[in-house]
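Participant: Supplied in structure tokens, the structure appears directly below.
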Amino acid sequence: MQVFKAMFKVMRSRLPSAMIYIVCFVVISAIIANASTNDNKFEAKRLDICIFDEDDTPESHALAELIKKNNDIVEIEDDKDTVTDALYYRRIDYALIINKGYADKIRAGESADFFSSYHLDESFSVVYMGQFLDEYVATVKAYLNMGKSFDEAAVSAEEALSQNAEVNMLSRIDKGGNSHFSVDFAGYFQYMPYILISIIISVVSLVLVTMNRKDIRFRTNCSCLKESKYTAQLFIGSFVFVFIIWLVFMIFGAILNREMYTGRAWLAVLNSFIFAMVVGTMAVLVASFEPKDNILNLITQVLGLGMSFFCGIFIPVDVLSDGVLSVARFLPAYWYVKANNMIADITPYSLDEVVECYLIQIGFAAAMVIITLLVRKVKYSGAAISTAVKKKAVSQ
Amino acid sequence: MFMHILKYELKNGLRTKDLIIWLILFPIILGTCFKIAFGSIYEKTEKFSSIPVAIVDDGENAPFRQVVEGIESADEPFLKATFTDKAKAEKMLDDGDVEGIIFTADKLSLTVKEKGLKETMLKAFIEQYSVREKIAVDAISTAPEKAQEIIASLTSDTADSCREIPLSQGNPDPYAQYFYNLIAMVAMFGCITGVHITIQNQADLSPLGARNNCSPVPKSISITACLTGSYIMQTVCMLICVTFLAFVLKIDFGDRLWLVYPSAVLGGIVGVSFGFFVGSIARVSDKAKVAILMSISMVMCFCSGLMMGNMKAVIASTIPWFNNINPAAVISDCFYCLNIYEDYDRFISKLITMAVISAVFVVLGFVTSRRKKYASI
């Protein structure tokens, strides 16, 4: 097992950079896991709103109080640049100005120019608040028309507007209930491919390239070690590394989930195992082209970031355009994410389709192995070596 | 001599693969990824468009149907309704074709899949319907003689109570700032070019440095020539990056693209100067220098929002002064100002900040690399 041992010695030199990836991933996952909620009850979205009350009357205060009930009030400086920044970076969703003279106008029954709002774009929040304000004014005016005083009208309007409609969540969606694999926990598995690709390709490929360096390879070739044994040890070494990395993630996953995997969660575990193996074969393939160190870094980034963005790892699949998705089908991560979404009940679950995704991923792995064998055959065949020797002879 | 060193500096730069990979290829790949990821997210999730909704009309609620049809006939309708039965509606909701299902049987109710703003708007919509009902009931009980008029005014009175004050003509897509930060990242990566200047001129770091040190050229001239060469190369990289983003990926930089170029170039100069300065203060090996620089510039880019879009806003509310001295934030702010602000005040102040930062770095770099002589290595 000399080759095997040597592999792990080389791997050790790459461990620090792999550790950085692992630590970052686990810390971020831990933060996300803590912030998640597990209930399946509808809650209205609270907007972040800032109110500049130029009127400053009991009437405008009543409105501000009503807005405060369903939204969060953010205090920011009344300065155009500050408001623009806050709106652009989504620190606030809406900037409302209650115009001077609001109270007098609404008492007089006028119909426009009560409010102003700083407007950056026509977003959903803007439409929503616009509708709310129109509704409030119309309601108050209706009660004033009934002959009520403003205070009574404001109270009645508030009462009318605080009716609560019945909202149900679609019953299929099960947040951490019977499936034992909550949507929040699925996030942990969702981001894992990026980390797996980054670590496995950068480490395994580097080790294989190093072991394959000309002088080392020539030395190994003239030893009494059989070629098949040498290849087998390289293979076992890579497999063990991939397995250890995967196992580390599974252990952290169980810790973050605060319980052992049960039920459907095992399907996700299996999914990630298959994907880790796919990435392993990918690393072997990359290594067979013998890239230089800096090129290898680039390949790792391209594969990691590319698959993450194309296949819906960093952002949900449903915001990707159809063109992107049709390309993504040719990448293994797409099938990983698809299976993961089904297991987590984000898309309708069907065991057959999940198994289908597994098989497609295994197909990718098989294809990668075949291409690797082909590349190696072409590269190290007698013909290839003799042309290389001839070329060298000519150049000398 | 200046021209001679400059020529070789440029030749050297062209043959450095790291430079081409990190300053040209990597931004192109990351930019393409960003485009795929953020290209349609704003249009799809934040910009207002009609909310698709399924309506299950068991009880034949004719007035409600009328209201919905009234809304749909508007120019920019709030709802896009499909009348269907329960099973189909649930299938549509599950597949994501609609945002919610409204059941009209005796009392209006809503079924949704997520807890977002669109769902909240649907909830508000059906509540609005019952608010009007309540008003009508109250009107009939308190002022029956005016009831007709009040109810009529509720439906006809559609005057906008709110006047919008436009803030900017620019591109309001907040995801564009990822591309601003991408340019800032390329600029900050210029520090790798910058640190090469020190490596090439410091005798204990490279054989080339040792050779340069025993040549009779004054250090000031050789460093100035190297610095000029690095500026030129970085400028080319910045131009490629901006051109790629603006013309290949078609990122909307607002209507002042011709000003984006010089800002990006100035940003690149900040990056190179930063690398030159850090390279000349730290007496560590060249690998360690590159590692230090890369991590510092990544942290700066993180604080400016390369990884999380609202990072700059978070920092603005906790430690606002940091955004004014963090080079990555200043560079990306430049593009933000060009896009959003009509006037040039803030843009110019950012440019001045960049110029001052690079001047400080260059001067400090020269001061610290002075008089580093070696009797033997």
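Bear in mind that the values in this text are calculations on the coordinates, not laboratory data. Remember, it's a predicted structure, so these values are computed and weren't measured experimentally. When we count neighbours, we look across all protein chains shown, and the Cβ atoms used for this are built from the backbone with ideal geometry, even at glycine.
Participant: With respect to the cross-link table entries A:Lys68/B:Lys107; B:Lys289/B:Lys350; B:Lys44/B:Lys80; A:Lys390/B:Lys17; A:Lys80/B:Lys44; A:Lys214/A:Lys392, which display a Cα-Cα separation exceeding 21 Å?
Facilitator: Numbers: A:Lys68/B:Lys107 28 Å; B:Lys289/B:Lys350 28 Å; B:Lys44/B:Lys80 15 Å; A:Lys390/B:Lys17 28 Å; A:Lys80/B:Lys44 28 Å; A:Lys214/A:Lys392 15 Å.
The answer is A:Lys68/B:Lys107; B:Lys289/B:Lys350; A:Lys390/B:Lys17; A:Lys80/B:Lys44.
Participant: Of the trypsin sites (Lys or Arg not before Pro) in the range B:309-377, which ones lie in a loop per DSSP and count no more than 11 other C-beta atoms within 10 Å?
Facilitator: On the way: sites: B:Lys312, B:Arg346, B:Lys350, B:Arg370, B:Arg371, B:Lys372, B:Lys373; in loops: B:Arg370, B:Arg371, B:Lys372, B:Lys373.
Answer by residue number: B:Arg371, B:Lys373.
Participant: Provide the descending list of Cα extents for the range B:219-337 along its principal axes, expressed in whole angstroms.
Facilitator: Between the extreme Cα coordinates on each principal axis of the range B:219-337 lie 44, 34, 22 Å.
Participant: Can you list residues whose amide H is under 5 Å from A:Ser123's amide H, if they're 5+ apart or on another chain and H is modeled 1.01 Å from N?
Facilitator: Long-range HN contacts for A:Ser123: B:Phe48.
Participant: Something else: Place +1 on the Cβ of every Lys and Arg and -1 on the Cβ of every Asp and Glu in the protein assembly as shown, take the dipole about the Cα centre, and give the residue among A:Leu170, A:Leu374, A:Phe310 whose Cα lies farthest towards its positive end.
Facilitator: So the residue we want is A:Leu374.
Participant: Which of the three applies to the protein assembly as shown, rounded, prolate or oblate, going by the alpha-carbon gyration tensor with a ≥ b ≥ c and a/c under 1.5 meaning rounded?
Facilitator: Because a/c hits 1.5 or more and a/b fails to exceed b/c, the protein assembly as shown counts as oblate.
Participant: Grab the DSSP H runs of chain B that are 4 residues or longer, score each as -39,500 (n - 2.57), total them, divide by all residues and round the 222 nm result to the nearest 500 deg cm²/dmol. Walk me through the numbers on the way to the answer.
Facilitator: Values: 16 runs with 242 residues, N = 377.
Only helices count here, giving -21000 deg cm²/dmol.
Participant: How charged is the neighbourhood of A:Glu159? Take every other residue with its Cβ under 10 Å from the Cβ of A:Glu159, and add Lys/Arg as +1 and Asp/Glu as -1.
Facilitator: -1
Participant: With θ set to phi - 60°, apply the Karplus curve 6.51 cos²θ - 1.76 cosθ + 1.60 along the range B:342-354 and write out the HN-Hα couplings as whole Hz, x wherever there is a Gly or Pro.
Facilitator: 6, 8, 9, 3, 5, 4, 5, 5, 5, 4, 5, 4, 4
Participant: Averaged over its residues, how many other protein chain Cβ atoms are within 10 Å of peptide B:90-102's Cβ atoms? Intermediate results must be reported in sequence, preceding the final value.
Facilitator: Working: counts 3, 1, 0, 2, 5, 2, 3, 0, 0, 0, 3, 2, 1.
Mean number of neighbouring Cβ atoms from other chains: 2.
Participant: What residues qualify as long-range amide H neighbours of B:Thr82, i.e. H under 5 Å apart, gap of 5 or more or another chain, H built at 1.01 Å from N?
Facilitator: B:Val53, B:Ala54, B:Ile55
Participant: Shifting gears a bit: Starting from the Cα gyration tensor of the range A:53-202, multiply each eigenvalue by 5, take the square root, and state the resulting semi-axes largest first in whole Å.
Facilitator: Values: eigenvalues 365, 107, 25 Å².
Values for the range A:53-202, descending: 43, 23, 11 Å.
Participant: Sticking with this structure for a sec: Work out how much length A:Phe4 to A:Arg107 would gain on full extension: take 0.36 nm times their residue separation and subtract the Cα-Cα distance, in nm to one decimal.
Facilitator: On the way: separation 103, 0.36 × 103 = 37.08 nm, distance 8.61 nm.
Roughly 28.5 nm would be gained on extension.
Participant: B:Leu239 label point, 7 Å along Cα→Cβ, cut-off 14 Å on backbone N: hits in the range B:187-213?
Facilitator: none
Participant: Considering amide H positions built from the backbone, and no H for Pro or chain starts, which residues 5 or more places from A:Ser117, or on another chain, come under 5 Å of its amide H?
Facilitator: Long-range HN contacts for A:Ser117: A:Ile97, B:Arg163, B:Glu164, B:Ile165.
Participant: Specify the inter-centroid distance of the range B:286-353 and the range B:49-74, based on alpha-carbon positions, in whole Å.
Facilitator: Centre-to-centre (Cα) distance: 48 Å.
Participant: Shifting gears a bit: With both partners inside the range B:49-156, how many of the DSSP beta bridges are antiparallel, as a percent to the nearest 5? List each step's numbers first, then the result.
Facilitator: Working: 4 of 14 bridges.
Of all bridge pairs located within the range B:49-156, approximately 30 percent are antiparallel.
Participant: Please determine, in degrees from 0 to 90 and to the nearest 10, the orientation of helix A:265-288 with respect to the longest principal axis defined by the Cα atoms of chain A, where the helix direction is its Cα long axis.
Facilitator: Helix A:265-288 sits at roughly 50 degrees to that axis.
Participant: Treating cross-link reach as a plain straight distance, find the aspartates and glutamates whose alpha-carbon is under 12 Å from the alpha-carbon of A:Lys105, omitting any fewer than eight places away in the same chain.
Facilitator: The reachable aspartates and glutamates, counting only those whose Cα sits under 12 Å from A:Lys105, are A:Asp55, A:Glu59, A:Asp113.
Participant: So which aspartates and glutamates can B:Lys134 reach, going by Cα to Cα under 20 Å and dropping same-chain residues fewer than 8 places off?
Facilitator: A:Asp134, A:Glu135, A:Asp151, A:Glu152, A:Glu158, A:Glu159, A:Glu166, B:Asp106, B:Glu145, B:Glu149, B:Asp157
Participant: Which of rounded, prolate, oblate describes chain A, given a ≥ b ≥ c as roots of the alpha-carbon gyration tensor eigenvalues and a/c under 1.5 marking rounded, otherwise prolate only if a/b is larger than b/c? Provide the component values of the computation, followed by the final result.
Facilitator: Numbers: a/c = 3.55, a/b = 2.67, b/c = 1.33.
Judged from the Cα gyration tensor, chain A comes out prolate (a/c at least 1.5, a/b above b/c).
Participant: Sticking with this one: I'd like the antiparallel share, as a percent to the nearest 5, of DSSP beta bridges with both residues in the protein assembly as shown. Don't skip to the end; give the middle numbers.
Facilitator: Numbers: 9 of 35 bridges.
Close to 25 percent.
Participant: I've got another one for you. Could you tell me the calculated FRET efficiency between A:Val23 and B:Val217, based on Cβ-Cβ distance and R0 = 51 angstrom, to the nearest 0.05? All intermediate terms of the calculation are to be shown ahead of the outcome.
Facilitator: On the way: r = 47 Å, r/R0 = 0.91.
Computed FRET efficiency for A:Val23 and B:Val217: 0.65.
Participant: Only loop residues by DSSP count here, and only those with at most 15 other Cβ atoms within 10 Å; note down the trypsin sites (Lys or Arg not before Pro) in the range A:34-139 that meet that.
Facilitator: Working: sites: A:Lys41, A:Lys45, A:Arg46, A:Lys68, A:Lys69, A:Lys80, A:Arg90, A:Arg91, A:Lys100, A:Lys105, A:Arg107; in loops: A:Lys41, A:Lys45, A:Arg46, A:Arg90, A:Arg91, A:Lys100.
Those that pass, being in a loop and sparsely packed, are A:Lys41, A:Arg46, A:Arg90, A:Lys100.
Participant: Another one. Suppose a student asked you for the relative contact order of chain B, using Cα pairs under 8 Å spaced at least 6 residues apart; what percent would you report?
Facilitator: Values: 485 pairs, mean separation 71.4, N = 377.
Relative contact order of chain B: 19 percent.
Participant: Further question on the same structure: Rounding to the nearest 20 debye, state how big the charge dipole of the range B:49-156 is about its Cα centre with +1 on each Lys and Arg Cβ and -1 on each Asp and Glu Cβ. Don't skip to the answer; put the middle values down first.
Facilitator: Numbers: 13 positive and 21 negative charges, 48 e Å.
Once rounded to the nearest 20, the dipole reads 220 debye.
Participant: Just checking the output field for A:141-149: average partner chain Cβ neighbours within 10 Å of each residue's Cβ?
Facilitator: Numbers: counts 5, 13, 6, 1, 9, 11, 4, 3, 0.
Counting other chains' Cβ atoms within 10 Å and averaging over A:141-149 gives 6.
Participant: If I model a spin label as a point 7 Å beyond the Cα along the Cα-Cβ vector, how far apart are those points for A:Ala393 and B:Arg370 in nm?
Facilitator: That separation, rounded to one decimal, is 6.3 nm.
Participant: Let me know the charge dipole size of the range A:178-287 about its Cα centre in debye, to the nearest 20, where only the beta-carbon of Lys, Arg (+1) and Asp, Glu (-1) is charged.
Facilitator: Working: 8 positive and 4 negative charges, 94 e Å.
My answer is approximately 440 debye.
Participant: Test of the criteria: in the range B:1-73, which GluC sites (Glu not before Pro) are in a DSSP loop and have at most 15 other Cβ atoms within 10 angstrom of their Cβ? Please list the in-between numbers first.
Facilitator: Details: sites: B:Glu9, B:Glu43, B:Glu46, B:Glu60, B:Glu69, B:Glu72; in loops: B:Glu60.
When the GluC sites (Glu not before Pro) of the range B:1-73 are filtered for loop state and at most 15 Cβ neighbours within 10 Å, B:Glu60 remain.
Participant: Next question, about the same structure. Determine the shielding of peptide B:42-50 by partner chains: average, over its residues, the number of Cβ atoms on other chains within 10 angstrom of each Cβ. All intermediate terms of the calculation are to be shown ahead of the outcome.
Facilitator: On the way: counts 3, 2, 4, 5, 7, 4, 9, 3, 0.
Across B:42-50, the average partner-chain Cβ count within 10 Å equals 4.
Participant: Here's something else I'd like to know. Provide the gained length on full extension for the span A:Asp318 to A:Lys214, in nm with one decimal, where the gain is 0.36 nm per separating residue minus the Cα-Cα distance. Write down the numbers at each step before the final one.
Facilitator: Values: separation 104, 0.36 × 104 = 37.44 nm, distance 4.77 nm.
So the extension gain works out to 32.7 nm.
Participant: Mean residue ellipticity at 222 nm from the helices of chain A, using -39,500 (n - 2.57) per DSSP H segment of n ≥ 4 over the full residue count, to the nearest 500 deg cm²/dmol? Intermediate values should be presented prior to the final figure.
Facilitator: Working: 16 runs with 265 residues, N = 396.
So the helix-based figure for chain A works out to -22500 deg cm²/dmol.
Participant: Something else about it: How far is helix A:124-145 tilted off the main Cα axis of chain A, in degrees rounded to 10, range 0 to 90?
Facilitator: Taking Cα atoms only, the helix is inclined about 20 degrees.
Participant: For a test of the definition: using alpha carbon positions, the gyration tensor, and the 1.5 limit on a/c, classify the range B:49-156 as rounded, prolate or oblate. Write down the numbers at each step before the final one.
Facilitator: Numbers: a/c = 2.23, a/b = 1.95, b/c = 1.14.
Judged from the Cα gyration tensor, the range B:49-156 comes out prolate (a/c at least 1.5, a/b above b/c).
Participant: What list of ³J(HN,Hα) values in whole Hz, one per residue of the range B:112-119 in order, does the Karplus curve 6.51 cos²θ - 1.76 cosθ + 1.60 (θ = phi - 60°) give from phi, with Gly and Pro shown as x?
Facilitator: Values, residue by residue: 10, 10, 10, 10, x, 5, 4, 5 Hz.
Participant: Hey, another quick one. At a threshold of 8 angstrom on Cα-Cα distance, excluding pairs fewer than six apart, so keeping six or more, what relative contact order does chain A reach in percent? Intermediate values should be presented prior to the final figure.
Facilitator: On the way: 388 pairs, mean separation 68.7, N = 396.
It rounds to 17 percent for chain A.
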